[in-house]
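In what follows, a single structure is set out as structure tokens and then discussed.
The values are calculated or read from the model by the stated rules, or taken from the named source; none is laboratory data. Remember, it's a predicted structure, so these values are computed and weren't measured experimentally. A quick note on method: Cβ atoms are made from the backbone with ideal geometry, for glycine too, and the neighbour counts reach across all protein chains shown.
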Amino acid sequence: MARDFKRQNKLAVISDLNVTPLIDLAFSLLIIFMITTPVIEQYNRIDLPSQNTTQTQEPPKLDDQFITIEANGQFRWGKDAVSQVSLEAKLDEVASSEGDQPTIHIRGDRTLPYQKIMDVVNMLKARNLTKLSLDTKAG
């Protein structure tokens, strides 16, 4: 029981509860739980069952299409050289085809102006072909 020395009656008892030690305790417990929780989560190890089958499942067939833009601005659809008009026609054909739309990979030469690549991206965007990949050289 603490006394308040600013009061007139110095022997009067203060009826307020001192919460400072409770706050210290709460923060100490919070720190303990913050430290121990990640350690506990790391040790949830399980032994997964194995699968012994002779049949292998075929991977799904990917319908990826490649558009290559050479340094001179020439377009290629796969390995075939195409003009811009025939490239647009091929993109129209892909956009109108049934089923899942393929991922279209754009491969542009490093010396190519970036606007040429953006022109192809705009062609895809106009036909609502949204699966796009800008390919780069690894390494």
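Restricting to segment 56-115, name every residue that is in a strand (DSSP E or B) and over 15 Å from Lys131 (Cβ atoms).
Filtering segment 56-115 down to residues in a strand (DSSP E or B) leaves 65-69, 75-77, 80-82, 104-108.
Selection gives Thr68, Ile69, Phe75, Arg76, Trp77, Asp80, Ala81, Val82, Arg107, Gly108.
Tell me, please, whether a residue that is of a type in the set (Ser, Thr, Tyr) and farther than 16 Å from Gln74 by Cβ can be found in segment 86-94.
The answer is no; no qualifying residue exists.
Out of Leu124, Leu134, which single residue is surrounded by 15 or more Cβ atoms within 10 Å (Cβ to Cβ) and at pLDDT 85 or above? Write out each step before concluding.
Details: Leu134 fails: surrounded by 15 or more Cβ atoms within 10 Å (Cβ to Cβ).
Every option except Leu124 fails the conditions.
Applying the selection to segment 76-101, what residues are in contact (Cβ under 8 Å) with a residue 24 or more places away in the chain and either in contact with a Ser or Thr (Cβ under 8 Å, 6 or more places away or on another chain) or among the aliphatic types (A, V, I, L, M) (or both)?
Selection gives Leu87, Leu91, Val94, Ala95, Gln101.
Taking only pairs six or more apart or across chains, which ones have beta-carbon atoms under 9 Å, a first residue in segment 15-32 that is outside any helix (DSSP H, G or I), and a second residue that is of a type in the set (Gly, Ala, Ser)?
Pairs that qualify, where the first residue is outside any helix (DSSP H, G or I) and the partner is of a type in the set (Gly, Ala, Ser), are Asp16/Ala2; Asn18/Ala2.
Looking at segment 94-110 only, could you name the residues that are farther than 26 Å from Lys137 by Cβ and of a type in the set (Ser, Thr, Tyr)?
Correct list: Ser96, Ser97.
Looking at (1) modelled with pLDDT under 90; (2) over 11 Å from Ile67 (Cβ atoms), find the lone condition where Gly78 falls short.
Gly78 satisfies every listed condition except (2).
Please tell me if Gln8 is at pLDDT below 90, surrounded by fewer than 10 Cβ atoms within 10 Å (Cβ to Cβ) and either in contact with a helix residue (DSSP H, G or I) (Cβ under 9 Å, 6 or more places away or on another chain) or not hydrophobic (A, V, I, L, M, F, W, C) (or both).
On the way: at pLDDT below 90: yes; surrounded by fewer than 10 Cβ atoms within 10 Å (Cβ to Cβ): yes; either in contact with a helix residue (DSSP H, G or I) (Cβ under 9 Å, 6 or more places away or on another chain) or not hydrophobic (A, V, I, L, M, F, W, C) (or both): yes.
Against the criterion (at pLDDT below 90, surrounded by fewer than 10 Cβ atoms within 10 Å (Cβ to Cβ) and either in contact with a helix residue (DSSP H, G or I) (Cβ under 9 Å, 6 or more places away or on another chain) or not hydrophobic (A, V, I, L, M, F, W, C) (or both)), Gln8 qualifies.
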